[in-house]
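**Q** This structure is in structure tokens; I'll ask about it shortly.
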Amino acid sequence: MAPSCSPINSLHVAVIGAGAAGLVAARELRRESHSVVVFERNTEVGGLWVYTPQSEPDPLSLDPNRTVVHSSVYDSLRTNLPRECMGYSDFPFVPRPEHDESRDPRRYPTHREVLAYLRDFAREFKLVEMVRFGTEVVRVEQDGRKWKIRSRNSDGVSRDEIFDSVVVCNGHYTEPRVAQIPGIDQWPGKQLHSHNYRVPDPFKDQVVVVIGNFASGSDISRDLTGVAKEVHIAARSKPSETYEKLPGADNLWLHPMIETARKDGSIVFKNGKVVQADTIVHCTGYIYHFPFLNTNGYITVDDNCVGPLYKHVFPPALAPGLSFIGLPWMTLLFTLFELQSKWVAAVLSGRVTLPSEDKMMEDTNALYTKRDANGFPKRYTHRLGVVGQAEYLNWIADQIGEPPVEQWRNKELEDGYVRLATQADTFRDKWDDDHLIAEAYEDFLRQKLISAIPSQIFG
């Protein structure tokens, strides 16, 4: 629906999480004149981008009673996409400041640079004053037409509060998805999920099987080649005859998925190859997880499909009091967070109206029908992809009267994914789209978001 001329409502809103989604949600809500409390269980902003050398005691993170470590960042991680397409629209992710040696000016910087950017963003827009650090949300439930939140601080003291609305920004890189492997219960080796991988040192002289060949799987397998005896990647998407020695290392091989694991320590791939392996690393993604949320069964997570949700954000029967920011993937994430946040903030203020519950449910069911007709599993419900993400982001922009996402930004995403898939060992340091970099920085200059092009960019 187009922006309306209704009187502006100022609501009391809770935001769960102070990562990249929660920070921009807090900013947009406050810009729309809402009062905001951000609950953050960590002691600083940044969410998953806050690196810790600690990992969980359960290496597969399957024990529901385990001590949870929020971050999934490994020490060597660099971004998967160019920095200029990653930032928020009015606060570009450019090298800053120029002469600070602690910062990483590269086009694909480390996780530390992303965290520094988020800290800069929080400081620039005075967001920290809205955050309650060391405070975990343990329960969210309806209380009449409002919402009750029970939180617990670092001293173990619980507190109940009432809010007009709750915006869920808790991220989805904490609850791992683990591959199901025939015979794994009898296999004597070690297993861990990438959530608990930090550095390659513990794998010295080992034969390691890495399950998954996208993003973390590609990164971690190459990280391991410097210390491991052999690294074998098992990729579900590869044909059963696949057997390929990968460039960039002498000890890295690509296989199709694992056929079986044997009690003698061997791993059999679907191409018939057999290796004696010491460790399996599951780079198999994550499960959406909202242990604090009680909606009496209305919101479910079924094969990683969170629903029902109108446009991945609003549960029709509970809108607009409950909303979710950041569920879709394979998209421009920070742009997604920002546009979804603007939409939620505008809907809560009454400046933008939602369709009726029935219309929202009809649209949601149409999405599920289209997904099923195209043969996609439920776990792909929130996967946008290169074409779908541009359509989705521009649809939200239109709802709130914002301009469409810049063409250079969409093109950088598209080209970035191609490079990631075709030159996994070099894509962060070799590219052929300098014209897009120039277009991005010219755009920043034209909008007066920067005063000059940083010398590191073309120097």
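**Q** Among what's in the stretch 21-68 and is part of a strand (DSSP E or B) and of a type outside the set (A, V, I, L, M), pick the residue that is surrounded by the fewest Cβ atoms within 10 Å (Cβ to Cβ).
**A** Here the answer is Ser35.
**Q** Now a separate question. Evaluate the following for Glu84: is it crowded, with 20+ Cβ neighbours inside 10 Å, farther than 22 Å from Cys169 by Cα and charged (D, E, K, R)?
**A** Yes, satisfied.
**Q** Given the condition over 23 Å from Val38 (Cα atoms), of a type in the set (S, T, N, Q) and touching a residue at least 12 places away in the same chain (Cβ under 8 Å), answer yes or no: does some residue in the stretch 297-313 qualify?
**A** yes
**Q** Kindly indicate whether Ser76 is outside any helix (DSSP H, G or I), touching a helix residue (DSSP H, G or I) at 6+ places or on another chain (Cβ under 8 Å), among the small types (Gly, Ala, Ser) and modelled with pLDDT of 95 or more.
**A** For Ser76, the condition - outside any helix (DSSP H, G or I), touching a helix residue (DSSP H, G or I) at 6+ places or on another chain (Cβ under 8 Å), among the small types (Gly, Ala, Ser) and modelled with pLDDT of 95 or more - is met.
**Q** Separate question: Tell me, which residue of the stretch 360-380 that is loosely packed, with under 15 Cβ neighbours inside 10 Å and more than 20 Å from Pro316 (Cα to Cα) is farthest from the chain's Cα centre (by Cα)?
**A** Ala373
**Q** Only residues that are under 22 Å from Glu414 (Cα atoms) and crowded, with 20+ Cβ neighbours inside 10 Å: list them for the stretch 108-135, please.
**A** Pro109, His111, Val114
**Q** Whether any residue in the stretch 402-411 is of a type in the set (Val, Ile, Thr) and within 30 Å of Thr353 (Cα to Cα) is what I want to check.
**A** So far as the stretch 402-411 goes, yes, one or more of its residues are of a type in the set (Val, Ile, Thr) and within 30 Å of Thr353 (Cα to Cα).
**Q** Give the residues of the stretch 395-407 that are in a helix (DSSP H, G or I) and crowded, with 16+ Cβ neighbours inside 10 Å, sorted by residue number.
**A** Ile396, Ala397, Gln399
**Q** Okay, moving on. So in the stretch 374-394, with the set limited to residues that are part of a helix (DSSP H, G or I) and aromatic (Phe, Trp, Tyr), which one is nearest to Lys311 (Cα to Cα)?
**A** Tyr392
**Q** Can you confirm whether the stretch 433-447 contains a residue that is β-branched (Val, Ile, Thr) and within 23 Å of the chain's Cα centre (by Cα)?
**A** Taking every residue of the stretch 433-447 in turn, none turns out to be β-branched (Val, Ile, Thr) and within 23 Å of the chain's Cα centre (by Cα).
The values are calculated or read from the model by the stated rules, or taken from the named source; none is laboratory data. Note that the coordinates shown come from a computational prediction; the quantities given were computed from them, not determined experimentally. Quick reminder, even Gly has a Cβ in these numbers, built from the backbone with ideal geometry, and neighbours come from all protein chains shown.
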